[in-house]
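Laboratory data are not the source of any read-out in this text; all were calculated from the coordinates shown. Just so we're clear, the structure is a prediction, and the values are computed from it rather than from any experiment. Please note: Cβ atoms are built from the backbone with ideal geometry, for glycine as well, and neighbour counts cover all protein chains shown.
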Amino acid sequence: MSKVMLEVNNLTTKYVTRFHENIYAVDHVSLKVEEGKSVGIAGESGCGKSTLALSLMGYYFPPLHYTSGEIIIDGQNISGMDPDKVRKSILGTEIAYIPQSAMNALNPTRKIIHFIQDVIRAHDPKATKEEIYEMAKERFDLLGLPEKVLNQFPVELSGGMKQRTVIAISVILCPKILIADEPSSALDVTSQKMVIKMLLDLMDHGIIKSMIFITHELPLLYNVTDDIMVMYAGQIVEKATAKEAVFDPIHPYSKGLMGSIIVPESGVRDAKLTAIPGVPPNLKNPPEGCHFAERCKYVQPQCTAQSIELRHLEGDRSYRCIFSEEHLREVYKND
Amino acid sequence: MTDGNDVVLSGSGLTKVFGMGRQRLTAVDHVDISFHKGEISSIVGESGSGKTTLAKMLLGLISVTEGEVYFQGKKRDISTQRKRKEYWKNIQAIFQDPYSSYNIFRKIDTVLLDCIKMRNGNRYSYEEKYELMSEACSFVNLKFEELTNKYPFELSGGQMQRLMIARIFLLKPKILLADEPTSMIDACSRATILDMLMKLRDETGTTLIFITHDIGLAYYVSDSVYIMEHGVMVESGCADDVILNPQKPYTKRLISDVPKIHEEWDLSTVTYK
Amino acid sequence: MRNTLRQVFRSGKFVVGFSIFMAMLLLVMIYPLFFKAPPLEIIGEGTFFPPGIYVSTLDAVNSETTYTLHLDDAAAKRLASRLSDEERLDLQEWLVLSGIPEEEIDISNTEELLSLWKSNYEPNQRFPGMTNARMRYFQRLDTSLSGLLSNEGVTISISNAETGDLEEVGSVSPSDYVNVKRVANVRVLPLGTDNFGRDVLTELVKAIQVSLQIGLVAGVIATFIGLIFGLVSGYIGGSTDDSIMFVTNLFTVIPSFVLLILISFSIGQEKRGAFTIAAVIGLTSWVWTARAVRAQVISLRNRDHVNLSKLSGHSIVHIILTDILPYVASYVIMALILQISSAILMEANLSILGLGPRTTEVPTLGLMMNWAMIYQAHILGKWWAYFPVIVSIALISFSLNLMNTGLDQVFNPTLRD
């Protein structure tokens, strides 16, 4: 049984608007990431996956507020911790985060080595410039980044190179877990492939022990992560291994989502893409019961009567629906 | 499938150059392209490949530096506003971002009313106009009574994009250029938009031209595929041929760089630059 | 639209600026209804009357109803007002010279000082080092002081038309008071008069009105020209853009202020009415607005909705008016406010140099400053002639700019703190 790097229990966080309304963007989310494994979080825009990433760091700023739940990183419970303490002892060393288009966060007036010095000195003020340079050079070699990048300015790098550099800088202190939020969405396909390869290399070389990969592009998750969690309207609706999630989803939403994947492979032209009518619910007034009920093809009155819990199946598989696996597979067959 | 005689739109040697002197940028470099009636084609390229510039040239929104555009066999002439208006009765477009396709200060009704006006329907009675607009909306599964008198910000992204398709339905142009029509739409709603566009082709015989960077989408939806790189047409032909059997190295690389699910996605071919 | 208005009026800065501006506007509109005197009417003979309540002495004395009041400090106040500080020091000087030790003389106690003076003063006493003129000064001082300590009243007499003799007609006792409301002629001059003898407050109100009018006219003209040029050159581009930009650059390179002075000078004194000046200011200060609008339009013309509008067959004019103009509207409103503010200041600048509107017709804020400067009010310490004018200009400018900042924060939410 591998060590659990990250354990989240019933995490709930909310946004508070100027008019004092609460939007529960992350609604009782629980997940576990083991050492050596990577977990993908799939969902469409607005489902709360980026908010979940921010919340996992334990670094809250208004209008984002922590409501309840636990976040345990390698045995250390960081929920409710003082933000300054989080910054000093957790960020960078235990957990690292790459936001979307992180490559635009580089100060254009500084060389790359400066950022690395910044990160290292924040945790080890006594490190010398030479030590830092040597370490950076070694790490960059390992990850396939040329040494000359260390002495260049961000404007001199291409988009893909910048993103890979930022990823390398963020894991320079070998954190236990890396949270990557759409690390390759803003890049062309070739750079995307390089970024993905780098993330896999990070896991292979043991620089990071586990990874959470957040994206709306399912083929990426299939190729990168071991497990996939599907998120909808702030809740996790399905957890399964990547293969199971893509080829044999149980939850109606996951089924619809996987049915809308288009890849340039033979057979795709004859496939029928699925579409789910409607829009996700407004989280200012979350619906009673199942959040997906209003769009679900198989909805029954009992779906909106009470709140729906996760159903657990063998292995680590689970999904959030009132119906049994047999019932759902039966209705899918009849379609 | 395609008959050489029914080429609706074609371009030969199309070139567009921006700027002068040292800042010359050749966005489109001597491209030959042709579209047949009722055909669905895709122009695929990454950002900077010139596909959007080519589209705008075909639409007549920007001028052509070199080369000719032929519409229905004859050289295209859009030198006056009147000729342009005539041309645009036959070719229309849908753009990527549904939010910026609307004038935020005007109600959505005006979008449809403008189309009726373009079809010389200004003298129709109010009931006739209402009838036409309702019909167009129901084609895209929208209810006109619910949308009338609303402003664009009151609609969702999917609704706005579908309304754009309703607009095309009203105009019934011979050619429709769709520039990344689903890239800003949720995955679950994508199929709806694509289905509607196909329905448009099936019911009215419109020629569809997709502009996209998503090669999977291009393969799913098109009969012919055109691959562009840095302004140059690299490869073109039947969709099956180009995607499953690419000839040129750029095409091969492009296809292999896209993540797959049934076939193995070979990451070992990544060469670090 | 309604939502925007709500947000605008919720913005603190806008509300404060708007209130100040409205207050001035109301003052300008309501004041002339109550005080109908023409603003440039010369009412004072003499320069720079200080602010205060001016009571006609004749009417006060001849008042029908007099009241008798016995106030304790009336006598002391009477004495104190007659002796200025300088005179007290002079008295002290003489007394010291006559041998009285300085510590015993309290110049603040008027009664004691005067009694000391009375008992010690010798008109013909000459001290060593004292000039004749000085001695005579003390004699005059003494004469003027006599009767000060007496508690008698004054007699009013008029000269008989036939005999030329003075005939007594009445008397005024020290304890006679009149109710100032019953006095026939009382004029309140809260800001005194200027060098010509005109009521500064009435003048100021009129001047604010004229300056605001000039600002409005000039601002509207400048914004209008800037808007048209910006829209046309931004949207059409090409050689039209080049030629309009050429004209704009001309107006930029030549300092607008110098241009203003030259035009103003060449029009000549005769034709320089307030409206002409407003037009001149408007015609030379549109440059910034044109540039700003053009920049906005250039970024708008490639938007999708504009392209779709073209594809729908709309004409250029239609596209500019419906697809571009509303998007720059918020910007134009802010530009208008700034133009009004700068036009008012520009007029003040011109008038201070004497190149503003004609001086005989209407006052403007700049003209009032000009007069104060020429007649050296600041040197003479006559603060009421220039200080209220400065405060008015500052308030107008401040309120307009504050409104603008408030609007800016509403239209550009990224600027909110």
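Ordering B:R22, A:R164, A:R87 from the fewest to the most neighbouring beta carbons within 10 Å gives B:R22, A:R87, A:R164. What aspartates and glutamates sit close enough to A:K193 to cross-link, taking a C-alpha to C-alpha distance under 15 Å and skipping anything fewer than 8 places away on the same chain? Counting by Cα, and skipping residues close in sequence, A:K193 has these aspartates and glutamates nearby: A:E182, A:D201, A:E217, B:E46, B:D214, B:D257, B:E264, B:D266.
Roughly how many whole Å is it from the C-alpha centroid of segment C:188-202 to that of segment C:284-304? Each part reduced to its Cα centre gives a spacing of 47 Å. Placing a pseudo-label 7 Å from each Cα along the Cα-to-Cβ vector at B:Q72 and A:H20 gives an inter-label distance of 6.6 nm.
Efficiency by 1/(1 + (r/R0)^6): what FRET value for B:R82 and C:I236, r their Cβ-Cβ distance, R0 = 30 Å, to the nearest 0.05? Approximately 0.95, to the nearest 0.05. Amide H contacts of B:W265: B:K260, each under 5 Å away and 5 or more positions distant or on a separate chain (H built 1.01 Å from N in the peptide plane; Pro and chain starts excluded). Entry note, chain A: the mean residue ellipticity at 222 nm calculated from DSSP H runs of n ≥ 4, each adding -39500 (n - 2.57), is -8000 deg cm²/dmol after division by the residues and rounding to the nearest 500. Roughly what angle does helix A:325-334 make with the longest principal axis of chain A, taking Cα atoms, 0 to 90 degrees, to the nearest 10? The answer is roughly 70 degrees. Residues whose amide H comes within less than 5 Å of that of B:T207, counting only those at least five positions distant or on another chain, are B:G38, B:I175, B:L176 (H built at 1.01 Å from N in the peptide plane). The lysines whose alpha-carbon is closer than 30 Å to the alpha-carbon of A:K126, local same-chain residues fewer than 8 away aside, are A:K85, A:K88, A:K111, A:K137, A:K148, A:K162, A:K176, A:K209. With a threshold of 23 Å on the Cα-Cα distance, the over-threshold entries among A:K297/B:K143; B:K37/B:K199; A:K3/B:K260 are A:K3/B:K260. State the percent of C-alpha pairs, over all pairs in the protein assembly as shown, separated by a distance greater than 43 angstrom. So the pairs more than 43 Å apart make up 58 percent of the total in the protein assembly as shown.
When you filter the GluC sites (Glu not before Pro) in segment B:170-273 for DSSP loop state and at most 10 other Cβ atoms inside 10 Å of their Cβ, you are left with B:E264. Taking every alpha-carbon pair under 8 Å whose residues sit at least 6 apart, chain C reaches a relative contact order of 26 percent. At R0 = 56 Å, how high is the FRET efficiency between C:T47 and C:R2 if r is their beta carbon distance? Nearest 0.05 is fine. The computed FRET efficiency comes out at 0.50.
Translational diffusion of segment C:74-145, estimated by Stokes-Einstein from the Kirkwood radius over alpha carbon pairs at 20 °C in a medium of 1.002 mPa s, is 170 µm² per second. Global dimensions of segment A:241-335 from alpha-carbon coordinates: Rg and Dmax equal 14.5, 44 Å. Between segment C:66-128 and segment A:140-197, the alpha-carbon centres lie 94 Å apart.
Per residue of chain C, what 222 nm ellipticity follows from adding -39500 (n - 2.57) for every DSSP H run with n ≥ 4, rounded to the nearest 500?
Working: 18 runs with 257 residues, N = 417.
Computed ellipticity for chain C at 222 nm equals -20000 deg cm²/dmol.
Restricting segment A:281-335 to trypsin sites (Lys or Arg not before Pro) that sit in a DSSP loop and have at most 16 other Cβ atoms within 10 Å of their own Cβ leaves A:K284, A:K297.
Remark: A:S38, A:S158 ranked as A:S158, A:S38, counting other beta-carbon atoms within 10 Å and listing the fewest first.
By the count of neighbouring beta-carbon atoms within 10 Å, fewest first, A:T241, C:T223, C:T143 end up ordered C:T143, A:T241, C:T223. An ellipsoid equivalent to chain B, defined through the eigenvalues of its Cα gyration tensor, has semi-axes of 33, 23, 18 Å when rounded to whole angstrom and sorted largest first.
One compactness figure for segment A:27-128 is 1.22, namely its Cα radius of gyration divided by 2.2 N^0.38 Å.
For the pair segment C:366-382 / segment A:5-26, the C-alpha centres are spaced 66 Å from each other. Label sites at A:H205 and C:A76, each approximated as a point 7 angstrom past Cα along Cα to Cβ, lie 9.6 nm apart.
Dividing the mean sequence gap of close Cα pairs (under 8 Å, 6+ apart) by how many residues chain B holds gives a relative contact order of 25 percent. Sorted from greatest to least, the principal axis extents spanned by the alpha carbons of chain C come out as 107, 55, 52 Å.
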